[in-house]
Amino acid sequence: MLKPLLLCASLLSSSAFAAWQLDNAQSELSITSIKKNSIAENHHFKQLSGHLSDEGKLTFSIELSSIETLIPIRNQRMQSLLFNVAQFPQAQVTADLSSYLKALNTGVQVLKSIPVELSLHGQHKALKLDLVVNKQMDQLHVTSLRAVLINASDYNLGAGIEALRKVAGLDSIATAVPVTFSLVFNEQPD
């Protein structure tokens, strides 16, 4: 009787503290830009990477050169004028999720006010995210409960937005963008 109980306990504890690798093919991170005060356009990043360690440390990277707007010249302009990928090739999110992982059970759960740090364009800012997490046997599905608003002024991106506005001949481009994401992490074998 004791042996099965110990085996079950060891299986539960190893899956609760497993390491997880982001699956880029199944994950998506999108932004919505607004121009001329009323025209909204969705864009996404094609290259995401990340890892959630068995200690609960999250590192998540967005390759800014992988922006996809469906217009090649706009992709190039956003890479060079807005993101300056030559100097700042990635945005990074880091977090300590150890206390949240300990309480995570199989099935859908809503986690509110998760503290993370976003590093973008040489600036580091703390954010609070509300997440929907679905833990299955060997996968974690993490989506935003609501859009995260990123303000250009918080990350020194105002001059880049102004440069985009001028080169495109637009009256305005919004300086805050909503970001949504759906991320899939696969459990890593020991």
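The values are calculated or read from the model by the stated rules, or taken from the named source; none is laboratory data. Quick caveat, the model's predicted, so the values are computed rather than measured. All Cβ positions, even for glycine, are placed from backbone atoms using ideal geometry, and neighbour counts span all protein chains on display.
Apart from one condition, LYS46 fits all of (1) more than 17 Å from HIS141 (Cβ to Cβ); (2) at pLDDT 95 or above; (3) surrounded by 15 or more Cβ atoms within 10 Å (Cβ to Cβ); the exception is (3).
Residue count for region 131-156 under the criterion of being part of a strand (DSSP E or B) and surrounded by fewer than 14 Cβ atoms within 10 Å (Cβ to Cβ): the result is 2. Residues in region 165-183 include at least one that is farther than 20 Å from ILE34 by Cβ, assigned to a strand (DSSP E or B) and not aromatic (Phe, Trp, Tyr). A search for C-beta distances below 7 Å between a residue of region 165-190 that is at positive phi and any residue that is surrounded by fewer than 12 Cβ atoms within 10 Å (Cβ to Cβ) and among the β-branched types (Val, Ile, Thr), counting only pairs 6+ apart in sequence or on different chains, returns nothing.
Please state which one of SER65, SER80, SER98 is without any contact (Cβ under 8 Å) to a residue 60 or more places away in the chain, touching a Pro at 6+ places or on another chain (Cβ under 7 Å) and either of a type in the set (Gly, Ala, Ser) or farther than 17 Å from VAL179 by Cα (or both).
Numbers: SER80 fails: touching a Pro at 6+ places or on another chain (Cβ under 7 Å); SER98 fails: touching a Pro at 6+ places or on another chain (Cβ under 7 Å).
None of the other options fit; the residue is SER65.
Can you tell me which of ALA126, ALA91 is of a type in the set (A, V, I, L, M) and either surrounded by fewer than 16 Cβ atoms within 10 Å (Cβ to Cβ) or in contact (Cβ under 8 Å) with a residue 60 or more places away in the chain (or both)? Steps first, answer last, please.
Details: ALA91 fails: either surrounded by fewer than 16 Cβ atoms within 10 Å (Cβ to Cβ) or in contact (Cβ under 8 Å) with a residue 60 or more places away in the chain (or both).
Residue meeting the stated conditions: ALA126.
This table checks each residue for (1) more than 25 Å from LYS166 (Cα to Cα); (2) β-branched (Val, Ile, Thr).
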residue	(1), (2)
LEU52	yes, no
LEU58	yes, no
SER61	yes, no
SER65	no, no
ILE71	no, yes
ARG74	no, no
ARG77	no, no
GLN92	yes, no
LEU101	yes, no
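If we only count strands (runs of 3 or more DSSP E) wholly inside region 36-84, which ones have 2 or more residues that are more than 25 Å from PHE185 (Cβ to Cβ)?
Numbers: elements: 39-45, 48-52, 57-63.
Qualifying strands (runs of 3 or more DSSP E): 39-45.
Residues in region 57-76 that are buried (at least 17 other Cβ atoms within 10 Å of the Cβ), under 30 Å from LYS102 (Cβ atoms) and among the β-branched types (Val, Ile, Thr): ILE62 alone. Examine region 118-140 for a residue that is at positive phi, at pLDDT 95 or above, out of contact with any His (no Cβ under 9 Å at 6 or more places or on another chain) and of a type outside the set (A, V, I, L, M), and state whether such a residue exists. Checking region 118-140: at least one residue is at positive phi, at pLDDT 95 or above, out of contact with any His (no Cβ under 9 Å at 6 or more places or on another chain) and of a type outside the set (A, V, I, L, M).
Return the residue satisfying two criteria in turn: it lies in region 157-190 and is hydroxyl-bearing (Ser, Thr, Tyr) and farther than 20 Å from SER80 by Cα, and of such residues it is surrounded by the most Cβ atoms within 10 Å (Cβ to Cβ). Before the answer, list the steps.
Taking region 157-190 as the starting set, the residues that turn out to be hydroxyl-bearing (Ser, Thr, Tyr) are 172, 175, 180, 182.
Retained after the next criterion (residues that are farther than 20 Å from SER80 by Cα): 180, 182.
Working: THR180: 17, SER182: 14.
Only one residue fits best here, namely THR180.
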